[in-house]
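Quick notes on the structure that follows.
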Amino acid sequence: MTKTNQRNLFGEPLVACSVAPMTGYFRTGCCETDENDQGSHTVCAVMTEEFLQFSLAMGNDLITPRLYWNFPGLQPGDRWCLCVARWKEAYDAGVAPFVVLEATNENALRVATMQQLIEHAHKQPNNVVSKDE
């Protein structure tokens, strides 16, 4: 699979997950993947303190900056392309972070179901426009 023309969960073009911090297996800001991405970094997740602590306890420290990997360390609210197996593990433990569906790669469906991902959909606040505008 090439990293071009990849699709999200809805079969639409994959949208960016985050450029600040820069995420993705290829560090393009998108949850793109290919056969070399053994972790399948395909779920665009919004970090929570609960998930970050869970991941740390499971041996994957996403909090501590690692400058030699150009990794800034994550904080609650940051978006990050997670390995789908880690997301599913957190889901099973009841601590899964929210998912940005439009930025989550369709390949995540190899491990998690659409229903599981939708249950944790990140909902952005609607822009409220006053009648006076």
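The values are calculated or read from the model by the stated rules, or taken from the named source; none is laboratory data. This one's a predicted model, so the numbers in the text were calculated from it and none came from an experiment. FYI the Cβ positions are ideal-geometry reconstructions off the backbone, even for glycines, and counts take in every protein chain you see.
Every residue, every condition in (1) modelled with pLDDT of 95 or more; (2) under 17 Å from Asp61 (Cα atoms); (3) not in a loop (DSSP other than H, G, I, E, B), yes or no:
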| site | (1), (2), (3) |
| --- | --- |
| Trp80 | yes, yes, yes |
| Asp92 | yes, no, yes |
| Gln115 | yes, no, yes |
| Asn127 | no, no, no |
| Asp132 | no, no, no |
Open item on the list: What pairs come out if I take residues in segment 73-87 that are without any contact (Cβ under 8 Å) to a residue 40 or more places away in the chain and pair them with residues that are in a strand (DSSP E or B) whose C-beta lies under 7 Å away, six or more apart or interchain?
Closed with: Gly77/Val46
- [ ] Answer yes if at least one residue in segment 91-99 is touching a residue at least 24 places away in the same chain (Cβ under 8 Å), under 25 Å from Asn5 (Cβ atoms) and within 13 Å of the chain's Cα centre (by Cα), and no otherwise.
- [x] yes
Open item on the list: Quick check on segment 41-52. Is at least one of its residues surrounded by fewer than 15 Cβ atoms within 10 Å (Cβ to Cβ), among the polar types (S, T, N, Q) and on the phi < 0 side of the Ramachandran plot?
Closed with: no
- [ ] Taking the residues in segment 66-107 that are among the acidic types (Asp, Glu) and farther than 18 Å from Thr28 by Cβ as candidates, determine which candidate is surrounded by the most Cβ atoms within 10 Å (Cβ to Cβ).
- [x] Glu89
